[in-house]
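Notes to accompany the following structure.
The values are calculated or read from the model by the stated rules, or taken from the named source; none is laboratory data. Please read these numbers as outputs of a predicted model, since none were measured by experiment. Positions of Cβ are generated from backbone atoms using ideal geometry, with glycine treated the same way; all protein chains shown enter the neighbour counts.
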Amino acid sequence: MTNSDIVQKLWNLCDVLRDDGINYSDYVTELVLLLFVKMEYEQVQNNDDFAHKLPEGMRWPDLASKSGPSLLTHYQKMLKTLSVHPDKSIAAIYSDAQTRLKEHHHLEQLIKGLDRLDWFSARADGLGDLYEGLLEKNANETKSGAGQYFTPRPLIDSIIRCIKPKLGETIQDPAAGTAGFLIAADTFIKSTTNNFQNLDAEDINFQRNHAYIGIELVPGTRRLALMNTLLHGIDGTVHLGNALGAEGERQSKVDIILSNPPFGTAKGGGGTTRGDIQYKTSNKQLAFLQHIYQGLKPGGRAAIIVPDNVLFESGVGVDVRRDLMEKCNLHTILRLPTGIFYAQGVKTNVLFLQKGSTTNPLQTIGCTENTWVYDMRTNMPSFGKRTQLGIQHLLPFERAYGLDPNGNSIRSECLDDNDGSSRFRSFTREQIRERNDSLDIIWLKDAGWADSNLLSSPEILAGEVMGELTQALLEIEALMKSLGATEEIFLQKQLLAELMELSMPMDTGDE
């Protein structure tokens, strides 16, 4: 049985949750609270070195041996007890954990369903990979909450192959989500070191306990991240907090930052509360971008996924881009195709940068001399559930990027021919300055209207339009708040709610 087969069987167990009245958006959280108990048992059975063992009386056999009303009562008490476990990682995973199951026979069905899975095959493929497969399945199916911005694994892996993390480097994700970037970095390093076979105890301890730092704002998502890292053999910290607040400000500088920050404007329009962020803004991506290039050690490198508006936004957006290109070498931009995130209309890019210049990591002025832009969007199909992004789509970019993680490989503009149709072009800092420091650079002619094979489906096109309108509304709201037009905002929201038949909170002030 393949890993994907087991993931599908796991997902099918959500039918039991539905029968118990649990909301669709809560499926994965409810399932993994129980799943981790089973996976801990399987890990211990297969590997006595697994450090995070559950106490006697609260392990899988103890749970599976019970039935009737006492089973649900035992499980409820068990979750509460695990939340104060001496093992800080276990306690963090089960902090404030509560089951929404109301019927004991539904819990029995879940336990029996988990026991019927092919755990021999699952252990062979890696329980961490199985768990991550479930998270991806949840993102693909629900298209809501954090799932709509779930970073596709092929894209994460491609970014990792370009950045090339190494042993001994500290790696941070300030918007960790379910820790996909951190786990992919660890997997890459293990693949280049024969799974740490020749490392001494000190180096292994660093890689497992100190190499990775995550910050996650949402408690439920952090729970998923902690489970994910533990099942992959990583004990690095995933902090619960806001990278744009005190938690981010207290972080030490690191070698690598990899992140896909949340899209949109700060709740309430107030923006970051950090004193070390120079350019105050309610645009979360611009604030995260500042956190990232300020948080790198000299010579450190980063890759960050940002929406299009970060490339062209005026005002503070111009200030942030100029500051970035002064202090860092912004050597590569990858324009991503549409549809790879499950909120249609979100158009994104990956910025690759190095702190300092190509010759001097301590340089703080004029560090960007040339920026290469790879257009993977124009004349490409729109990706989504029917056409999924795969490694084959990203390999041409990786070849163009080159082997040097800091973008110093020899590069060629016209990879295919000399008629201007190359997807990869270089722009000098002066050329960018002449564009008022806009990085929204397009040169390929869109043949989509001429070639019906490149046209997206009507629902995708409509979704893209609505996504762009939503982003525009968020930006206008932030502007009006900065002008003090709070009452006018409320009136306009009220009108919009009436037109679209939405519920409207009665509070007229900022949240």
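Counting only helices (runs of 4 or more DSSP H) wholly contained in region 70-130, the ones carrying 3 or more residues that are under 27 Å from the mean Cα position of the chain (by Cα) and of a type in the set (A, V, I, L, M, F, W, C) occupy 88-93. Please go through region 51-69 and pick out each residue that is closer than 17 Å to residue 108 by Cα and part of a loop (DSSP other than H, G, I, E, B). 58, 59, 65, 66, 67, 68 - these are the residues of region 51-69 that are closer than 17 Å to residue 108 by Cα and part of a loop (DSSP other than H, G, I, E, B). Filtering 230, 240, 217 for residues that are hydrophobic (A, V, I, L, M, F, W, C) and touching a Lys or Arg at 6+ places or on another chain (Cβ under 6 Å) leaves a single hit, 240.
Here's the yes/no breakdown for (1) surrounded by 15 or more Cβ atoms within 10 Å (Cβ to Cβ); (2) touching a Phe, Trp or Tyr at 6+ places or on another chain (Cβ under 6 Å); (3) within 20 Å of residue 317 (Cα to Cα):
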{"residue": "201", "(1), (2), (3)": "no, no, no"}
{"residue": "240", "(1), (2), (3)": "yes, no, no"}
{"residue": "256", "(1), (2), (3)": "yes, no, no"}
{"residue": "274", "(1), (2), (3)": "yes, no, yes"}
{"residue": "291", "(1), (2), (3)": "yes, no, yes"}
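So the check is Cβ under 6 Å with 6+ separation or different chains; which pairs have a first residue in region 472-496 that's not assigned by the TED database to the domain that holds residue 313 and a second one that's modelled with pLDDT under 75 and part of a helix (DSSP H, G or I)? These pairs meet every condition: 478/269; 481/269.
There is no residue in region 102-111 that is closer than 22 Å to residue 216 by Cα and surrounded by fewer than 17 Cβ atoms within 10 Å (Cβ to Cβ).
Within region 248-262, if we keep just the residues that are of a type in the set (A, V, I, L, M, F, W, C) and out of contact with any Ser or Thr (no Cβ under 6 Å at 6 or more places or on another chain), the residue that is farthest from residue 168 (Cα to Cα) turns out to be 258. Looking across region 166-182 at every residue that is modelled with pLDDT of 95 or more and either in a helix (DSSP H, G or I) or not assigned by the TED database to the domain that holds residue 231 (or both), the one that is surrounded by the fewest Cβ atoms within 10 Å (Cβ to Cβ) is identified as 182.
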